[in-house]
1. Being under 15 Å from A:Ile184 (Cα atoms) and either touching a residue at least 12 places away in the same chain (Cβ under 8 Å) or facing chain D (nearest Cβ under 10 Å) (or both) is the filter here; which residues of the range A:90-101 pass it?
2. Being assigned to a loop (DSSP other than H, G, I, E, B) and small (Gly, Ala, Ser) is the filter here; which residues of the range C:1-19 pass it?
3. Check the range A:265-272 and report whether any residue there is under 28 Å from D:Ile184 (Cβ atoms), more than 9 Å from chain C (Cβ to nearest Cβ), in a helix (DSSP H, G or I) and of a type in the set (Gly, Ala, Ser).
4. Being in the same structural domain as A:Phe227 (by TED's automatic domain parsing) and more than 25 Å from A:Phe20 (Cα to Cα) narrows it down to one residue among A:Phe74, A:Phe67, A:Phe81; which is it?
5. If a residue has to be in a helix (DSSP H, G or I) and more than 21 Å from D:Met1 (Cα to Cα) to count, how many in the range D:66-88 make the cut?
6. Please determine whether any residue of the range B:33-49 is within 30 Å of D:Glu268 (Cα to Cα), surrounded by 16 or more Cβ atoms within 10 Å (Cβ to Cβ) and out of contact with any strand residue (DSSP E or B) (no Cβ under 9 Å at 6 or more places or on another chain).
7. If a residue must be in contact with a His (Cβ under 9 Å, 6 or more places away or on another chain) and facing another protein chain (nearest Cβ under 7 Å), how many such residues does the range B:113-139 contain?
8. So, D:Val110, is that one within 13 Å of D:Thr178 (Cα to Cα), more than 9 Å from chain C (Cβ to nearest Cβ) and in contact with an Asp or Glu (Cβ under 7 Å, 6 or more places away or on another chain) or not?
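The values are calculated or read from the model by the stated rules, or taken from the named source; none is laboratory data. Model, not experiment: these values are computed from the prediction. Cβ: placed from backbone, ideal geometry, glycine included. Neighbour counts: every protein chain shown.
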Protein chains: 4
Amino acid sequence: MNEALSKILGKEIKCLDKGFIRLIDAMGDDSSIVQAARVSYGKGTKTPSADRELIRYLMRHRHTSPFEMVEFKFHIKLPIFVARQWIRHRTANVNEYSGRYSEMKDEFYVPEIEQIRTQSTINKQGRDEERLPEETAKLILQILQESQYLLYSQYQSMLEKNLARELARINLPLSTYTEWYWKIDLHNLLHFLKLRLDWHAQYEIRVYAEKIAEILKIAVPITWEAFEDYILGGINLSKQEINVLKQIINFDRLSDELIENSSLKGLEAKEFMMKLKKITLR
Amino acid sequence: MNEALSKILGKEIKCLDKGFIRLIDAMGDDSSIVQAARVSYGKGTKTPSADRELIRYLMRHRHTSPFEMVEFKFHIKLPIFVARQWIRHRTANVNEYSGRYSEMKDEFYVPEIEQIRTQSTINKQGRDEERLPEETAKLILQILQESQYLLYSQYQSMLEKNLARELARINLPLSTYTEWYWKIDLHNLLHFLKLRLDWHAQYEIRVYAEKIAEILKIAVPITWEAFEDYILGGINLSKQEINVLKQIINFDRLSDELIENSSLKGLEAKEFMMKLKKITLR
Amino acid sequence: MNEALSKILGKEIKCLDKGFIRLIDAMGDDSSIVQAARVSYGKGTKTPSADRELIRYLMRHRHTSPFEMVEFKFHIKLPIFVARQWIRHRTANVNEYSGRYSEMKDEFYVPEIEQIRTQSTINKQGRDEERLPEETAKLILQILQESQYLLYSQYQSMLEKNLARELARINLPLSTYTEWYWKIDLHNLLHFLKLRLDWHAQYEIRVYAEKIAEILKIAVPITWEAFEDYILGGINLSKQEINVLKQIINFDRLSDELIENSSLKGLEAKEFMMKLKKITLR
Amino acid sequence: MNEALSKILGKEIKCLDKGFIRLIDAMGDDSSIVQAARVSYGKGTKTPSADRELIRYLMRHRHTSPFEMVEFKFHIKLPIFVARQWIRHRTANVNEYSGRYSEMKDEFYVPEIEQIRTQSTINKQGRDEERLPEETAKLILQILQESQYLLYSQYQSMLEKNLARELARINLPLSTYTEWYWKIDLHNLLHFLKLRLDWHAQYEIRVYAEKIAEILKIAVPITWEAFEDYILGGINLSKQEINVLKQIINFDRLSDELIENSSLKGLEAKEFMMKLKKITLR
């Protein structure tokens, strides 16, 4: 574990109003990916630049198994409605706080006022950029908080009557905070981030994804850079889109100089030329 | 698909006050398990009794992969707190109703009065046999229902103010009903049932497990019988427990006659004698 | 199951010299994907064209879970070295013929003479287009076959000496045929095909992938078309490649007419314009 | 990582004639299991003896998820026929040496002479205790080695003719050594060991399982002890077996003294009495 990562190990990184993410442990780093890949692909030179090239090659060609050789464990505190989206990522290990064993705490998510936004018209599942009028927003926040207060006092009162915990909790709201340990390999974590950093993802889970992204930048900097270049910053074009695109590409402008002045070097430059050929030949 | 199973296909089987389970599709039955196992274990005779013996052998020896060759798909309506326990079974496919895309419906779980029970003292995670005094129970049910009503009207009012659906829903209670399609193979389904039919499981998920069990009795009767005999009706003994047990076993009472009069036949009888030998030799 | 699919059900489709693929069972089709997706995304209109649009939308946006709701089961006979690549796809169910339980059969893969090719210089893991001289190729085939004959007669002779099957088999070659039942959901099957239809994949597994592709064209025609348009026929561009591309695109040529004459309609056309904007703004 | 474990980290532990197992990395230990479980089950006291009790409770009641919070990575060299059994454990990460990218090495498994045994008559899939006559055994070993030598020289000669590596290798025997990196969580590793330490498992994979068991004894001593007491050293009894057993149990011999003198203490003693009651009441 590098020094910068050690420094954040175990520290609570704040997310939303009362949540956090806390890196508990990490197995491996960029070099572990290289180590595992070299078993499959043969030895070759082992300079740092060769390692970087190898990781970028693996990412570019979606050779995912070496990225599974790195593992992270987090302690996370998050609202239940976020947890419900999160848990859909099945290739991970989870131990969650149990409202059957233990009393739920008096902690609920209350959005910041600038998040009180209208239903999006383009993104059926999300909120818009547009905020609700301040007065309405304040009213909504007040309603949310008052209900949370009411529900928790009812919860307490039912517990005092000795109602079983597993029943007393059923009316607690989805905004209630829960917490869990979550362990996942780097490949599946990157997939999680690809989906949850996306603008379609709900803001409240995106906040966590962004904090994890910052941790990965420190933990596996070469992998992260490749992930940004090839996955996050990339574009998929369909067969139909390629057909249109080729009609507006001016292949005359393509010159050795252009490639040389670009950041595409060596094998990547060759692969790009092959893609362009594929586009033209359609 | 056998006739009895066809009859319940697509039918809503009521669970709790407003939920249901509905078998959507099934791939394979007892004979598919035999078919797959015979690829691994060689051909042999193929009489119906041989098939039964094979399935029982597979179950007894935890040869799980042939049971993965049968698949079931269900449509289920269930309270969110049940869904949260259910989803922990990761080896399954799920499509859930989304409160981001669509408006949540005005449907909440209200327990029956006889379920309003005290915290169990032996089972830290569950409720006791003992019911709360009727008056208290009635009061609790009233509180639950009034809060559900209040929360849903607040939800509606926030939607009317054009608050994004994904935010308006965050104060809905865990008793809100959701629904999903759930697809799982028979091996993993039996594992689900083993855990969720157990008396430690929360009553509300057990209700669903029992309905699925009834479906399996119809769908894969031989497998189900073996599951009851070897898994549900079985006992695990630890090394320490065996050490005590052997001191109270009267091996003199063990006679050929005893075995003959039991339902242990052929290979099973032999295996039992080997287990007893293992116990004595400790 | 549609009629065309029923016709091939259970039929051996030849692969390589002695292998085959045989569809044993299928759960669901294009309409099951729509059915599951509508649970998540709300009801909407239900015309056939709406169904097609929905499936294409799901594929385009990598909403993978509805594709998991369709399941296929195959009986496959294949050489062991192909089986070793195949089994790396973990999200599937397998029952393989066991050389511990049963005697291995006298069946080995012998390549066709046109497959006897040189090591590729561009694809480190594969063969070239270039064939070895016919004489050399014939010699190689002869060596392969003679060794297979020798090894099987040694195997037989060791079994006759009553050597345990699990040991007698250890010198059988990787070209020995094995067989298995293989069950997988459509999402994971498409992922398998993406990797195994690729020109980087070894020819011998590609042959099987192509036969499965033909089955899917019949079983889930709309999904297959979308898979070809968005995945197989698509291209990924990296951040760096986009940077070069934008310098050779002539945005003046982009006109409403061009889009109208293309096969990009409605939402897809809009999404394409957004991608282009993303490219320009870099 | 405790000191004893650090000492074996990275060291090759010999398995079979040319294989090895090498611990590359470990995430967590007994205390990580406790840490994760306490999130779910509430805080409680934290004395070392409480930790031990908690781990034993989790193992006894098959609460498997906290054991998933510990992860191990190994570098393993093993014959291909062993690798084929090993890879059936799907919940693990693997990077294997590739015969397409790299030349296979001249290393083959040759059994020790005492392993040259006859087909078992009771265990259809295994070998017997009985060895083949020494002369026959020697002859078999000679045949195995000569064939391995022949096949490798043919492999070499085909590579010299520039045949693609992916084809040249297809006649290499299943006794050829391969190697891989293998990463797995503790729960799934214990399941692997349960199956592969069993006397039904092929000797050659059992050798590896036993070495891993020794590593776990050092890495997670409390978990290992619980695993031996409750899983490896335990017995499953079926409903039918319980019915016979209760007829030969002399419940009069059961006394408080007997329990007190046993190693069943506290909760475990109570649970045992409940099991006995379950047996009697049948």
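1. Going through the range A:90-101, the residues under 15 Å from A:Ile184 (Cα atoms) turn out to be A:90-96.
Scanning the range A:90-101 gives A:Thr91, A:Ala92, A:Asn93, A:Val94, A:Asn95, A:Glu96.
2. Selection gives C:Gly10 alone.
3. Pass one, the range A:265-272, residues under 28 Å from D:Ile184 (Cβ atoms): none.
Scanning the range A:265-272, I find no residue that is under 28 Å from D:Ile184 (Cβ atoms), more than 9 Å from chain C (Cβ to nearest Cβ), in a helix (DSSP H, G or I) and of a type in the set (Gly, Ala, Ser), so the answer is no.
4. Of the residues listed, the single one that is in the same structural domain as A:Phe227 (by TED's automatic domain parsing) and more than 25 Å from A:Phe20 (Cα to Cα) is A:Phe67.
5. 7
6. Of the residues in the range B:33-49, the ones within 30 Å of D:Glu268 (Cα to Cα) are none.
No, because not a single residue in the range B:33-49 is within 30 Å of D:Glu268 (Cα to Cα), surrounded by 16 or more Cβ atoms within 10 Å (Cβ to Cβ) and out of contact with any strand residue (DSSP E or B) (no Cβ under 9 Å at 6 or more places or on another chain).
7. 2
8. no
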